[in-house]
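The values are calculated or read from the model by the stated rules, or taken from the named source; none is laboratory data. Just so it is clear, the structure is predicted and the values come from calculations on it, not from any experiment. Positions of Cβ are generated from backbone atoms using ideal geometry, with glycine treated the same way; all protein chains shown enter the neighbour counts. Note: accessible area is taken over every heavy atom of the protein model, side chains too, but ligands, DNA and RNA are not part of it. Shrake-Rupley method; radii C 1.70, N 1.55, O 1.52, S 1.80 Å.
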Amino acid sequence: MKICISADHGGFELKKILIKHIQSLGFEIKDLNDTEYDPNDDYPDTSKLVANAISNKSYDKGIILCGSGVGASVVANKYKDVRAAICHDTYSASQGVEHDDMNVVCLGGRIIGDALAKEIVAEFINAKFVDEERFIRRKEKLDQIEEENLS
């Protein structure tokens, strides 16, 4: 599985922690933006790096961090084939993948602590879309809505 990550200044420190955690779980992860703290960066610029990579199918799952996770989620959902959500609990992180085929998780670096963020990311990475008729039907409806509105 190919995983990518980006963060603005609000999620920069948590990004570094999560990269090490994901590597400790045995996954490779690519940091798509700055490796040095930039207090003047903007979440649209950092978030679009992951969103574009997921939309282009260069990566399977993406993680975007900003101060609250809200801006990251807004940006990511502007891209075709990106299903992003803010998750500040483990249930949403796994259920979002299992039921909704979420492929980007957005986290607020100023909202949650390191330990919970690690748990959320582990749930997100390890979750798989459940291939049941009701979830497939709903995903097809999401795809149709996207096609009608993002084209």
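Points worth noting:
- Site-free segments of the chain were taken between trypsin sites (Lys or Arg not before Pro) in DSSP loops having at most 11 other Cβ atoms within 10 Å, sites themselves excluded; the longest one is 58-127.
- Dipole size of the chain about its Cα centre, with +1 on Lys/Arg Cβ and -1 on Asp/Glu Cβ: approximately 160 debye, rounded to the nearest 20.
- Accessible-area value, D100, 1.4 Å probe, nucleic acids and ligands omitted, Å²: 60 Å²
- Treating r as the C-beta distance of M1 and N40 and R0 as 41 Å, the FRET efficiency rounds to 0.80.
- Per-residue SASA entry for T90, accessible area with 1.4 Å probe, Å² rounded to 10: 50 Å²
- With each label modelled as a point 7 angstrom along the Cα→C-beta vector, the K141-I17 pair spans 3.8 nm.
- Amide H contacts of I86 (H built 1.01 Å from N, in plane; Pro and chain starts excluded): C106 sit under 5 Å, all sequence-distant by 5 or more or on other chains.
- Segment 87-151: chymotrypsin sites (Phe, Trp or Tyr not before Pro) in DSSP coil with no more than 16 other Cβ atoms inside 10 Å: F129
- Whole-Hz couplings from phi, Karplus 6.51/-1.76/1.60, listed for segment 100-112; x for Gly and Pro: 10, 6, 4, 10, 9, 10, 10, 10, x, x, 9, 10, 10
- Spatially proximal aspartates and glutamates relative to K128 (Cα-Cα < 14 Å; intrachain offsets below 8 disregarded): D60, E98, D100, D101
- Residue of A122, A72, A93 that the Gaussian network model of the chain assigns the largest fluctuation, springs spanning Cα pairs under 10 Å: A122
- The candidate values are (i) 26, 19, 16; (ii) 24, 18, 13; (iii) 30, 21, 14; the one derived from this structure for semi-axes √(5λ) of the Cα gyration tensor in Å carries the label (ii).
- In this structure E133 has an accessible area near 120 Å², from a 1.4 Å probe over the protein heavy atoms.
- Of all aspartates and glutamates in the structure, those lying under 13 Å Cα to Cα from K80, and not within fewer than 8 positions of it along the same chain, are D143, E146, E147, E148.
- Pairs over the 30 Å Cα-Cα cut-off, from the set K30/K139; K57/K118; K20/K141: K20/K141.
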